[in-house]
Structure formats: structure tokens, C-alpha cells
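The values are calculated or read from the model by the stated rules, or taken from the named source; none is laboratory data. From a predicted model like this one, the values you see are computed outputs, not experimental measurements. We place every Cβ from the backbone using ideal geometry, glycine too, and count neighbours over all the protein chains shown. When the accessible area is computed, the model is the full protein with side chains, heavy atoms only, and any ligands, DNA or RNA have been set aside. Shrake-Rupley method; radii C 1.70, N 1.55, O 1.52, S 1.80 Å.
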Amino acid sequence: MKSTLLYEGKAKKVYFVEGDSEKLILSYKDDATAFNGKKKSVFPGKGKLNNEISAAIFEYLQDQGISSHFVQKLNETEQLVYQTEIIPLEVVVRNIAAGSITRRLPIEEKTVFPKPLVEFYYKSDIWDDPLINDDHACILTGLSLHELKEIKDNALKINDQLRKLFAGINLTLVDFKLEFGKRKNTIILADEISPDTCRLWDKDTMEPLDKDVFRKGTGNLLEVYQELLNRLEAIR
């Protein structure tokens, strides 16, 4: 089923599907990166955990009426997805102040925002994924302001659904990154949603169940990801 390699990123390899031009296979790697690739390591088994977690989240979102590229999980490390024209934007939704925003602005960590913030970053390793405004986004991506608003609205809907999902397993969704793509001129959710792309805090201990344990060197990444998967599986 898997054909030639189309693309290899920091966390996944993307393959063509033999005999099906509308679909691709995402193969999750065991690599972990942080600070835009400046910190790297390999954790055997991480790809399996991210695949399982991301598949579970996409299935949940589909049940809530959120359109995405996800078709099905194929095996321990691979997913079948619809081919999309990826929009070069990282869409970050913030519910609580943490990470880069506390270094850019005089906002204390753990400040709860009165409403979720949506930020756009231009997806470019060369330019170090810079924060951009709406007008920049339209120029750099070719999107209209109407399409950009559609992305924002979808990001906020996804935030609402994910906050409910994670609250059900005693986690607070602090912030997360999304990517979108176009399929047949329709904008849909793409890429992955996993502890690589979300910041999640345990409601009781405030301890992270996400990639921050790798970024900060404060915990065992595989144990943290397995705990998150265990909680998700308990409510499926």
C-alpha cells in the first residue's frame, strides 16, 4: 500500500499510497525535537504513542463534526490521511499563558486569558517560524481574510472540543498548535494533535503531560506520553 517517500519532517515521514492519488500515509518517527529543531533526541516507542494518541483525538473530533484529513489508523506507527495542500501557518490557541508568550510579553505564566487567544506563525524553518499578523498571513499564504477567519473559527471550535475531552481525563489544555490544509478547495484540519503539539497540565498536580518534559528535561517523555494514552483509552 505504501509507495515512495514524499516528505520527511521532524516527527513524521509522509508516503504516497500506491494506486490512490487522494491519500497519503503518515509514519510517526521516534524522534523528539524542541526549540525549532535545536534540541534533538530519539525515544524508541515514541512514534507508536504519538500515532495512537493522535488517532484517538482525530476520531473524537470527527465524532464532534470537525472535518480533518484523518481516515484511519493503519498500524502501530502509521495513519492513512487525505492528501491536502498544507497551508504554511502554525495556528496556536492559548487558554493559559505559558511558553513563548511569557517571554515575548509582560504576562506571567499561568495567567488565565479571559478568552482564548489565536496566534499565527509563518511555517518556515529558515525564518524560525515568526509570529505574524492577519495581513502578513494573507500575503504569505495567498489566503483571503475570509479564509483566515474560517481558520480562526475552526481553531476555536476545536479548542472547545479538546478542552472538554481533556477535562474528562483530569487535564487542563493550556495551549496547542494546529495546521490546516485545503482539500478540493475546502479548508480542513491536518497534521497531528498529540503531546508534541499540545501543552497539558494535570488538574491536581499541575505537572505536564506533554513535550515540555523533554524541552525542560524534567521528566521521562515515554512515561508521560503513555500516561496520556492510558487516560484517553480509559474513556473510549
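What percentage of the solvent-accessible surface of the range 128-236, computed with a 1.4 Å probe over protein heavy atoms, is contributed by carbon and sulfur atoms?
48
Can you show me the helix-derived [θ] at 222 nm for the chain, built from DSSP H runs with n ≥ 4 at -39,500 (n - 2.57) apiece and divided by the number of residues, rounded to the nearest 500.
Here the helix-only value at 222 nm equals -9500 deg cm²/dmol.
For the range 1-70, what is the convex hull (Cα atoms) projected area averaged across all directions, in square nanometres? Present the calculation step by step, with values, prior to reporting the outcome.
Values: hull surface 23.2 nm².
Averaging across all directions leaves 5.8 nm² for the Cα convex hull.
At q = 0.14 Å⁻¹, what is the log10 ratio I(q)/I(0) for the chain, with the Debye formula run over Cα points and no solvent?
-0.94
Give me the dipole magnitude in Debye, nearest 20, for the chain about the Cα centre, with unit charges on the beta carbon: positive for Lys and Arg, negative for Asp and Glu.
Roughly 220 debye, rounded to the nearest 20.
Could you compute Rg(Cα) / (2.2 N^0.38 Å) for the range 62-139, with N its residue count? Don't skip to the answer; put the middle values down first.
Details: Rg = 16.4 Å, N = 78, 2.2 N^0.38 = 11.5 Å.
With N residues counted in the range 62-139, Rg over 2.2 N^0.38 Å equals 1.42.
Rounded, prolate or oblate: pick one for the range 119-236, where a ≥ b ≥ c are the square roots of the eigenvalues of its C-alpha gyration tensor, a/c under 1.5 means rounded, and failing that, prolate if a/b is larger than b/c, else oblate.
Working: a/c = 2.48, a/b = 1.70, b/c = 1.46.
Prolate, because a/c is 1.5 or more and a/b exceeds b/c.
Pick from 52, 150, 90 the residue whose mean-square fluctuation is largest in a GNM of the chain, springs joining Cα atoms under 10 Å.
Top of the fluctuation ranking is 150.
Would you list, by chain and number, the aspartates and glutamates whose Cα falls below 14 Å from the Cα of residue 40, excluding same-chain residues fewer than 8 positions away?
Cross-link targets: 30, 31, 196, 212.
Give the shape of the range 65-193 as rounded, prolate or oblate, defined through the alpha-carbon gyration tensor: a ≥ b ≥ c are the square roots of its eigenvalues, a/c under 1.5 means rounded, and otherwise the shape is prolate if a/b is larger than b/c and oblate if not.
Numbers: a/c = 1.70, a/b = 1.13, b/c = 1.51.
It comes out oblate by the Cα gyration axes.
Quick one: among 105, 173, 200, which has the greatest mean-square fluctuation in a GNM of the chain with alpha-carbon springs under 10 angstrom?
Fluctuation is largest for 105.
List the pairs from 12/184; 46/203; 23/123; 46/182 whose alpha-carbon separation is above 27 Å, in the order I gave them. All intermediate terms of the calculation are to be shown ahead of the outcome.
Working: 12/184 24 Å; 46/203 24 Å; 23/123 23 Å; 46/182 29 Å.
Over 27 Å apart, Cα to Cα: 46/182.
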